[in-house]
Amino acid sequence: MSATPPAVLKQLAAVAAIGTDRSASALRPDELLRQAAAHGLQARAGFLPPRAAPSISECPADPTRIASAAQTATLRQLLAAPDAALLLEWCELAQARRVRVAPALVPVLLDWWARQPNPPEPIFATLGATGAWLAALNPDWSRPVSETQIPADADERWQNGTTPERTALLRTVRRLDPARGLALIRSTWSGDGADDRRRWVEALAEHRSQADEPFLESALDDKSKVVRRAAATILALLPQSRLRARMNERARACIVVESKRGLLKRSTRITLEPPKNFDDAWQRDAIDESGGSGLGKRAWWMQQILAAADLSVWIETTGLDPAGVLQAIEADDFRDAAFNAISEAASTRADAPWCTALVEAHLASKKQLHAELQTLWRHLPPNEREPLILTALAHKRFGSVERWALLASADHRWSPAFSTKALALLRGTRPSTDASWALYEPIERVSRLVAPSSAEAFADTVAAMFEGEPTDSFKKSIDRAHLRQTMHKEFAS
């Protein structure tokens, strides 16, 4: 690139100050003035000299089949008013069938993808070689993504990369070689900042194993509270961790069992006894001393201990099954803290028997609201989650708005059988006029999750709630379900 007009003017001013007859430029005075006038005009106009473009390599060939005309037309429709969930669903369908985005739409989708706070990697994968080639040419489109194999220069990238680049690399390595992923974290641990150390610890949650326990145990001594808390959270998910053993010992001290023999059978009563004093050693295991919301300090300490302990401690200590344990603590003064702890443990560890017992206990108790139910099945796999949701939906205590809210908490793509049964349970319910506004958000979410084969049933269920035509906002949800149905048919053909 040649010098800009302002830079040339500075050079000409220097020549004029020295004098054309004494400078090395060999310019005559009239030539200097002529050039100064020309470059002065260019400077005022904002002119920039042309930049010499570097040579660009050709886009690599991509043998992957291009999306059909119908599939491309649907994607074009989605891009006209981008909906992150539907775009991701289209790309996941394309990826499953080894289809890539048509070249004409790659720049449009790539530009949208790169502007997202957390760009979904399946979308980038469907852009194929064209997307990777374009992203390499435009810094605004370049985002770190995990790869299908560990790069040869992984160690160098880990040492010198930015935080997003290292995060993407760690996802790749951890997925393919968990031990090497842990080794990467260890190699820079002492020099990384607290936020990065927390990120690396949180990355160990996926593909975690007992092999990670020694490192995570050492992280409990980190000077940063957020790092210690992240390490304790993962250690509480490892059944054989030393932290879990310490919590089990503390939990047993909180559970007092009294067995009474009646005329017909023996009954078991559980009395909960929270710790009387805070042990400073607990801080290392991320037990917070300050009281939790709505709880006294002693109840809060106990809740944290019970949430991190094995659920089997309750069974071993009392001899009761999950339903029996929940029934036995129902009348205790610290019942709420215990229920919160058991619910957290059962949910995060995806323990189906305990989640089932908790759902039944919630439905039987007038103290609980439907919002507490939604957290229980959050981590269960769909085949265990769906029966629990159907049980809750069928309960007579819930009205139309609450049922739709419960259904919307099933944030996975539903099976056809579940979609049919769930919509059948909702059919015939009609909210009050004042409550219909509260249905918009859950119905919108359901339209993104219901099985595509149930689009018509979804439309009929929504329409039946209104005396006349559904409002435009609800029609959009119906149209979205039909669009998803069309999309799946196009990829199935």
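The values are calculated or read from the model by the stated rules, or taken from the named source; none is laboratory data. As the structure is a prediction and not an experimental result, all values here were calculated from the model. Using ideal geometry, Cβ is built from the backbone for each residue, glycine included, and neighbour counts are taken over all protein chains shown. Accessible surface is based on the protein model in full, side chains and every heavy atom, while ligands, DNA and RNA are left aside. Shrake-Rupley method; radii C 1.70, N 1.55, O 1.52, S 1.80 Å.
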| remark: Checked the range 133-145 for anything open to solvent by less than 70 Å² (accessible area, probe 1.4 Å) and free of Cβ contacts under 8 Å to residues at least 12 places away in the same chain; matches are Asn138
| message | Filter the range 48-74 down to the residues that are touching a helix residue (DSSP H, G or I) at 6+ places or on another chain (Cβ under 6 Å) and either open to solvent by 80 Å² or more (accessible area, probe 1.4 Å) or not small (Gly, Ala, Ser) (or both) and list them by number. | response | Cys59, Pro60, Asp62, Thr64, Gln71, Thr74
| request: For Arg252, indicate whether it is among the basic types (Lys, Arg), open to solvent by 80 Å² or more (accessible area, probe 1.4 Å) and part of a helix (DSSP H, G or I). | output: yes
| With respect to Arg115, is the statement that it is free of Cβ contacts under 8 Å to residues at least 12 places away in the same chain, open to solvent by 90 Å² or more (accessible area, probe 1.4 Å), more than 25 Å from Ala168 (Cβ to Cβ) and out of contact with any Lys or Arg (no Cβ under 6 Å at 6 or more places or on another chain) true? | no
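So which helices (runs of 4 or more DSSP H) stay within the range 343-453 end to end and still have 3 or more residues that are surrounded by fewer than 19 Cβ atoms within 10 Å (Cβ to Cβ)? It would help to see each step written out before you state the result.
Details: elements: 352-364, 370-376, 382-393, 400-408, 416-426, 440-447.
The qualifying helices (runs of 4 or more DSSP H) are 352-364, 370-376, 382-393, 416-426, 440-447.
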| said: Quick test for you: out of Trp200, Trp189, pick the one residue that is assigned to a helix (DSSP H, G or I), among the hydrophobic types (A, V, I, L, M, F, W, C), at pLDDT 95 or above and under 22 Å from the mean Cα position of the chain (by Cα). | reply: Trp200
| said: Test of understanding: among Ala94, Ala129, which residue is in a helix (DSSP H, G or I), closer than 23 Å to Lys489 by Cα and either modelled with pLDDT of 95 or more or not basic (Lys, Arg) (or both)? | reply: Ala94
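So is Arg208 open to solvent by less than 30 Å² (accessible area, probe 1.4 Å) and either acidic (Asp, Glu) or under 18 Å from the mean Cα position of the chain (by Cα) (or both) or not? Spell out the reasoning first.
On the way: open to solvent by less than 30 Å² (accessible area, probe 1.4 Å): no; either acidic (Asp, Glu) or under 18 Å from the mean Cα position of the chain (by Cα) (or both): yes.
So Arg208 does not fit the description; no.
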| Listed residues Asp83, Asp30, Asp21; which is modelled with pLDDT of 90 or more and among the acidic types (Asp, Glu)? | Asp83
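Tell me, which residue of the range 97-126 that is assigned to a helix (DSSP H, G or I), of a type outside the set (A, V, I, L, M) and under 22 Å from Glu490 (Cβ atoms) is farthest from the chain's Cα centre (by Cα)?
Filtering the range 97-126 for residues assigned to a helix (DSSP H, G or I) gives 103-114, 121-125.
Subsequent filtering for residues that are of a type outside the set (A, V, I, L, M) retains 103, 107, 111-113, 121-122, 124.
Subset that is under 22 Å from Glu490 (Cβ atoms): 103, 112-113, 122, 124.
Values: Pro103: 29, Trp112: 19, Trp113: 16, Pro122: 14, Phe124: 17 Å.
If we take residues in the range 97-126 being assigned to a helix (DSSP H, G or I), of a type outside the set (A, V, I, L, M) and under 22 Å from Glu490 (Cβ atoms), then Pro103 is farthest from the chain's Cα centre (by Cα).
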| remark: In the range 143-192, anything touching a Leu at 6+ places or on another chain (Cβ under 8 Å) and among the basic types (Lys, Arg) is listed as Arg157, Arg174
| Any pair with Cβ under 7 angstrom, 6 or more apart, that starts in the range 57-73 at a residue that is within 15 Å of Ala96 (Cα to Cα) and ends at one that is in a loop (DSSP other than H, G, I, E, B) and open to solvent by less than 50 Å² (accessible area, probe 1.4 Å) | Ile66/Ala102; Ala67/Val101; Ala67/Ala102
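Any idea which of Thr163, Thr148, Thr130, Thr126 is in contact with a Cys (Cβ under 8 Å, 6 or more places away or on another chain), over 23 Å from Pro214 (Cα atoms) and open to solvent by 20 Å² or more (accessible area, probe 1.4 Å)? Lay out the reasoning, then the answer.
Numbers: Thr163 fails: in contact with a Cys (Cβ under 8 Å, 6 or more places away or on another chain); Thr148 fails: in contact with a Cys (Cβ under 8 Å, 6 or more places away or on another chain); Thr126 fails: open to solvent by 20 Å² or more (accessible area, probe 1.4 Å).
After ruling out the rest, the residue left standing is Thr130.
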